[in-house]
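Visitor: There's a structure below that I have some questions on.
The values are calculated or read from the model by the stated rules, or taken from the named source; none is laboratory data. It should be emphasised that the depicted structure is a prediction, and the values quoted were computed from it without experimental measurement. As a convention, Cβ positions derive from the backbone with ideal geometry for all residues, glycine included, and neighbour counts pool all protein chains shown.
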Amino acid sequence: MKNKLIIALSALTLVLTSCKNNEENKMTDGLKNIDNKISSEIDHLKDTLKSKHENALGSDQFKKVTLAKKFITLDGNEKTFGTILTENKGKTIVIDIWASWCPDCIKGIPSIEEMQEQFPDAAYVFLSLDKTEEAWRTALEKYNLKGDHYYLNEKMSGEFGKSIDLDWIPRYIIVDKEGKIVDYKSIAADDKTFLFTLKKSEKKDQ
């Protein structure tokens, strides 16, 4: 009887130990997942800040070739990028480089609309790299984007794209009220660093 009791207690001890180990393993795995998520967020923030820092170390102005690039206006005329910026001088300018064939560009539209509600005094300039002018105009009617619209018949790898290091669209750029580039390379309209920079720029002179 005593031996049976000892065996039963030993078995119970093994079961409890196994359960404890399983719970500890689950907890450890959970903590690892949390650590991985935190590390991922930190890495993303580092990459974002690095791109801002790299731009700050370079130039806060666009290159001459960028400013000289001619875009097609809604009325069918041509206007240089430099003229577009000059026409919005004194305002914070949010530049959205997009195309209707780009899924991420379309997904970002609601965030742009929210941004426009939050920062109504900023100027919003949309630069389309659609495959055709017709596709661009069709997309404008479909999505009813508010802002200034221009079309460039070039690929991402074209002269304009190369001049601004364009490797992804959508691409968002912020030019502050003094005409300086303060956010050069964001790819999400709801990016926290991007929105913080926009808010900071809009608070100038207020």
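Visitor: Hey, GLU117 hits all of (1) in contact (Cβ under 8 Å) with a residue 24 or more places away in the chain; (2) assigned to a helix (DSSP H, G or I); (3) loosely packed, with under 12 Cβ neighbours inside 10 Å but one; which does it fall short on?
Guide: (1)
Visitor: On the given criteria, is ASP167 over 17 Å from LEU67 (Cβ atoms), modelled with pLDDT of 95 or more and exposed (fewer than 13 other Cβ atoms within 10 Å of the Cβ)? Please lay out each step first, then the result.
Guide: Working: over 17 Å from LEU67 (Cβ atoms): yes; modelled with pLDDT of 95 or more: yes; exposed (fewer than 13 other Cβ atoms within 10 Å of the Cβ): yes.
Yes; evaluated as a whole, the condition is true for this residue.
Visitor: I would also like to ask the following. Restricting region 88-113 to residues that are surrounded by fewer than 15 Cβ atoms within 10 Å (Cβ to Cβ) and in contact (Cβ under 8 Å) with a residue 40 or more places away in the chain, which is farthest from ILE174 (Cα to Cα)?
Guide: Among those residues, the one meeting the criterion is ASP104.
Visitor: Let me ask something else about it. Tally the residues that are outside any loop (DSSP other than H, G, I, E, B) and in contact with a Ser or Thr (Cβ under 6 Å, 6 or more places away or on another chain), restricting the search to region 122-146. Quick ask: steps written out before the conclusion?
Guide: Start the filter on region 122-146 by keeping residues that are outside any loop (DSSP other than H, G, I, E, B), which leaves 123-128, 133-143.
Those still in the list that are in contact with a Ser or Thr (Cβ under 6 Å, 6 or more places away or on another chain) too: 135-136, 139.
Number of matching residues: 3.
Visitor: For region 100-128, how many residues meet the condition of being over 23 Å from THR86 (Cβ atoms) and touching a strand residue (DSSP E or B) at 6+ places or on another chain (Cβ under 6 Å)?
Guide: Within region 100-128, residues that are over 23 Å from THR86 (Cβ atoms) and touching a strand residue (DSSP E or B) at 6+ places or on another chain (Cβ under 6 Å) number 1.
Visitor: Residue check: is VAL182 without any contact (Cβ under 8 Å) to a residue 60 or more places away in the chain, assigned to a strand (DSSP E or B) and more than 11 Å from ALA99 (Cα to Cα)? Full working, then the answer.
Guide: On the way: without any contact (Cβ under 8 Å) to a residue 60 or more places away in the chain: no; assigned to a strand (DSSP E or B): yes; more than 11 Å from ALA99 (Cα to Cα): yes.
So VAL182 does not fit the description; no.
Visitor: So for region 139-157 (the condition being on the phi < 0 side of the Ramachandran plot, out of contact with any strand residue (DSSP E or B) (no Cβ under 8 Å at 6 or more places or on another chain) and touching a residue at least 60 places away in the same chain (Cβ under 8 Å)), does at least one residue qualify? Break it down stepwise before answering.
Guide: First, pick out the residues of region 139-157 that are on the phi < 0 side of the Ramachandran plot: 139-143, 145-146, 148-157.
So of that shortlist, the ones also out of contact with any strand residue (DSSP E or B) (no Cβ under 8 Å at 6 or more places or on another chain) come out as 141-143, 154-157.
Then keep just the ones that are touching a residue at least 60 places away in the same chain (Cβ under 8 Å); that gives none.
No: region 139-157 contains no residue that is on the phi < 0 side of the Ramachandran plot, out of contact with any strand residue (DSSP E or B) (no Cβ under 8 Å at 6 or more places or on another chain) and touching a residue at least 60 places away in the same chain (Cβ under 8 Å).
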